[in-house]
C-alpha cells in the first residue's frame, strides 16, 4: 500500500502532469537515483538528480521530443586499495526518464557536489499565447459620437 499522496504535486507544478499520472499508477516507483523536481519561476523548472560518485564523462542527458533521459554508467575499476567492508554508495548504472509537457525545453545542466541540476524552461510560442481582443474598435465609437452630436 502506498503511504504518500501525489495530489499536492498536481497543483503546484506545470509541465510534469503526465509524469505524476504515470507514477500514480505504480505501487512503488524505482528509487535509484533519487531526484527532486522544483519550480524555480513561473515558467522555469529544475530537475535535481543525486549522482554521487559519477563524473561528467559518465553521465549523459538526452532531450528528444517530450522526453528527458538521464543515464549514468560507471566504468569498472579493477584496482582497489583494500577490502570494502560496507558499500553504501551505489555505483550501478541507471536510467531516469522524465516526460515533459509541450513547449518545455532543456536550458542547461551542471554537476555540482554530487548533484546533477537540469534547468528547464517552458517557452510557449507567440502564436499559442493568449491575446487581448478589443471590443468595438475606435471607428465604431467615433460614428456613434458623430450621430449623437447632430
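The values are calculated or read from the model by the stated rules, or taken from the named source; none is laboratory data. Just so we're clear, the structure is a prediction, and the values are computed from it rather than from any experiment. Positions of Cβ are backbone-derived with ideal geometry, glycine not excepted, and every protein chain shown enters the neighbour counts.
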Does residue 37 qualify as being in contact with a helix residue (DSSP H, G or I) (Cβ under 9 Å, 6 or more places away or on another chain), over 14 Å from residue 92 (Cβ atoms), in a strand (DSSP E or B) and touching a residue at least 24 places away in the same chain (Cβ under 8 Å)?
yes
Reported set for the stretch 46-104 where residues are closer than 13 Å to residue 118 by Cα and part of a loop (DSSP other than H, G, I, E, B) is 51, 100
Quickly run through the stretch 105-146 and pick out the residues that are part of a loop (DSSP other than H, G, I, E, B), over 25 Å from residue 47 (Cα atoms) and at pLDDT 80 or above.
130, 131, 132, 133, 134, 135, 136
Over the stretch 55-92, the set of residues at pLDDT 90 or above and under 14 Å from residue 34 (Cα atoms) is 70, 71, 72
For the stretch 83-108, how many residues are at positive phi and exposed (fewer than 14 other Cβ atoms within 10 Å of the Cβ)?
0
With the requirement that a residue be under 12 Å from the mean Cα position of the chain (by Cα) and either closer than 29 Å to residue 89 by Cα or without any contact (Cβ under 8 Å) to a residue 24 or more places away in the chain (or both), what does the stretch 108-129 give you?
108, 109, 117, 118, 119, 120
